[in-house]
Amino acid sequence: MPRWMAAIDRFGPAKSFGMAALLSGINPKNLALTLTTVSTIAAAGISAGRQMVGLAVFVVLGSITVAAPIIF
């Protein structure tokens with residue numbers, strides 16, 4: 001096994017979370033979807049509180065497909 005894979009094997013929860021966030025963030029499909037969503041919410045002309053609610057709904061809906069099999 002390459003050394004970088006062995007290093008990942010020793011990651012704790014915080015480093016694992018960071019690596020997952022990094023890898024999902026640089027995925028072109030996720031990046032395009034997120035940038036489109038953020039720009040649409042920003043251009044909607046709504047208050048900052050409602051923008052945060054819209055972003056939270058986006059995150060929850062996007063996480064359901066990942067979380068559902070784990071919860072099930």
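Taking 0.36 nm per residue of separation and subtracting the Cα-Cα distance, what length does fully extending S16 through L33 add? Write down the numbers at each step before the final one.
Values: separation 17, 0.36 × 17 = 6.12 nm, distance 2.32 nm.
Length difference between fully extended and current span is 3.8 nm.
Provide the packing ranking of 59-70, 30-41, i.e. peptides ordered by the mean count of other C-beta atoms within 10 Å per residue, highest first. Can you show the working numbers first?
Details: 59-70: 9.8, 30-41: 12.7.
So the order, starting with the most tightly packed, is 30-41, 59-70.
For the chain, what does the helix formula give at 222 nm: sum of -39500 (n - 2.57) over DSSP H segments with n ≥ 4, over the residue count, nearest 500 deg cm²/dmol?
Mean residue ellipticity, 222 nm, calculated: -27500 deg cm²/dmol.
Which number comes out as Rg/Rh for the chain once both Rg and the Kirkwood Rh are worked out on C-alpha atoms?
Ratio of gyration radius to Kirkwood radius: 1.10.
What does the extension gain come out to for A48 and A7, with contour length at 0.36 nm per residue minus their alpha carbon separation?
Taking 0.36 nm per residue and subtracting the Cα distance, the gain is 10.7 nm.
Every number in this text was worked out from the coordinates using simple rules, so none of it is lab data. Fair warning: this is a prediction, and the values are worked out from it, not measured in the lab. Positions of Cβ are generated from backbone atoms using ideal geometry, with glycine treated the same way; all protein chains shown enter the neighbour counts.
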